[in-house]
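**Q** My questions all concern the structure below.
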Amino acid sequence: MKIIKAKDYNDMSKKAAGIFFSQITLKQDSVIGLATGSTPIGTYKKLIEMYNANDLDFSEVKTVNLDEYVGLSGESDQSYRYFMNSNLFNHINIDKANTHVPNGLASDKELESENYEKLIKSLGGIDMQLLGIGTNGHIGFNEPNDCFDKYTHEVNLTESTIKANTRFFASEADVPKTAISMGIKTIMGAKKIVLIANGSAKADIIYDSCFGPITPNVPASALQLHPDVTVIVDEEAYATIAAKLK
Ligand code: GLP
């Protein structure tokens, strides 16, 4: 695990975008795993800037997103499909047919999950996966105490995640209670992983994920077992690591 300390959110976003820039430059038809949440928005902005400067071509890139809320259509502005379209896909030359997000409206969630795994396999696997992290250590929507051995599946969101995500909805009651998410096993199958985190609220969980025991209690701790993970954190998110290293 490589840990890169960035100065601030802007610097973290620039460094993360730079890594994806290199990946897509080296392999134009890369399969990129994407994440939602507030953390990656700056990274997507930097990638759009690179595209606008004619430095980056997404025409052959394929993407697979980590997760989607159950019950929301892609047109709903709280859905992760909508988030991806408005924060990235609408602004670059990617073919939307090459962008994939689980279908939150699928009537058979198990079948949708199986098909999502098949899709990832048919694309040749994920070359580079971007991750944010929840304050309880969740990656994608893999909540604490689920097992590491799962592929894409329907997950029950914990109360703390529902609370944390209420800010994007009109009220807590509107936050979906379940989601379809790549499992830890799917994420671990990516050839390279880049995890980004900023802000003091993420400091303890970043320390636990990178240096604590490897346990389903902290889903992101599974990443310690992956051979190619880069963690980019701003100074605030690095605080607990810095304090313990003193
Ligand atoms: C959601 C997403 C995660 C994301 C997390 C953190 O729960 N499913 O993929 O990492 O939020 O969000 P934020 O970046 O807003 O802190």
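The values are calculated or read from the model by the stated rules, or taken from the named source; none is laboratory data. Bear in mind the structure is a predicted one, so any value in this text is a computation, not a measurement. Methodologically, a virtual Cβ is constructed for each residue, glycine included, from the backbone with ideal geometry; neighbour enumeration extends over all protein chains shown. Ligands, DNA and RNA are excluded from the accessible area calculation, which covers all protein heavy atoms including side chains. Shrake-Rupley method; radii C 1.70, N 1.55, O 1.52, S 1.80 Å.
**Q** For the structure I just gave you, tell me whether I193 is within 16 Å of Y80 (Cβ to Cβ) and within 15 Å of the ligand (Cβ to nearest atom).
**A** The answer is no for I193.
**Q** Only one residue in L131, L123 is touching a residue at least 12 places away in the same chain (Cβ under 8 Å) and within 16 Å of the ligand (Cβ to nearest atom), so which one is that?
**A** L131
**Q** For the range 134-157, name all the residues that are within 11 Å of the ligand (Cβ to nearest atom) and open to solvent by less than 40 Å² (accessible area, probe 1.4 Å).
**A** Answer for the range 134-157, where residues must be within 11 Å of the ligand (Cβ to nearest atom) and open to solvent by less than 40 Å² (accessible area, probe 1.4 Å): G134, N136, G137, H138, I139, G140, F141, N142, E143, V155, L157.
This table checks each residue for (1) under 21 Å from Y238 (Cα atoms); (2) modelled with pLDDT of 95 or more; (3) touching a strand residue (DSSP E or B) at 6+ places or on another chain (Cβ under 8 Å).
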| position | (1), (2), (3) |
| --- | --- |
| N145 | no, no, no |
| V155 | no, yes, yes |
| T158 | no, no, no |
| K163 | no, no, no |
| P176 | no, yes, yes |
| M182 | no, yes, yes |
| K185 | no, yes, no |
| V218 | yes, yes, no |
| Q224 | yes, yes, no |
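**Q** May I ask you to list pairs of residues, at least six apart or on different chains, whose Cβ atoms are under 8 Å apart, with the first in the range 217-243 being free of Cβ contacts under 8 Å to residues at least 60 places away in the same chain and the second being surrounded by 16 or more Cβ atoms within 10 Å (Cβ to Cβ) and among the hydroxyl-bearing types (S, T, Y)?
**A** Cβ pairs passing all conditions: T240/Y207.
**Q** Moving on to the next point. Output the number of residues of the range 200-246 satisfying the condition of being of a type outside the set (V, I, T), touching a helix residue (DSSP H, G or I) at 6+ places or on another chain (Cβ under 8 Å) and open to solvent by less than 40 Å² (accessible area, probe 1.4 Å).
**A** 12
**Q** Considering (1) assigned to a helix (DSSP H, G or I); (2) away from the ligand (no atom under 16 Å from the Cβ); (3) not hydrophobic (A, V, I, L, M, F, W, C), say which one D208 fails and leave the rest.
**A** Against the list (1) assigned to a helix (DSSP H, G or I); (2) away from the ligand (no atom under 16 Å from the Cβ); (3) not hydrophobic (A, V, I, L, M, F, W, C), D208 comes up short only on (2).
**Q** A further question on this structure: Give the residue that is farthest from the ligand (Cβ to nearest atom), with candidates limited to residues of the range 52-109 that are within 17 Å of D174 (Cα to Cα) and acidic (D, E).
**A** Result: E75.
**Q** When you go through T161, T166, T186 one by one, which is the residue that is assigned to a helix (DSSP H, G or I), within 15 Å of the ligand (Cβ to nearest atom), of a type outside the set (D, E, K, R) and open to solvent by 20 Å² or more (accessible area, probe 1.4 Å)?
**A** T166
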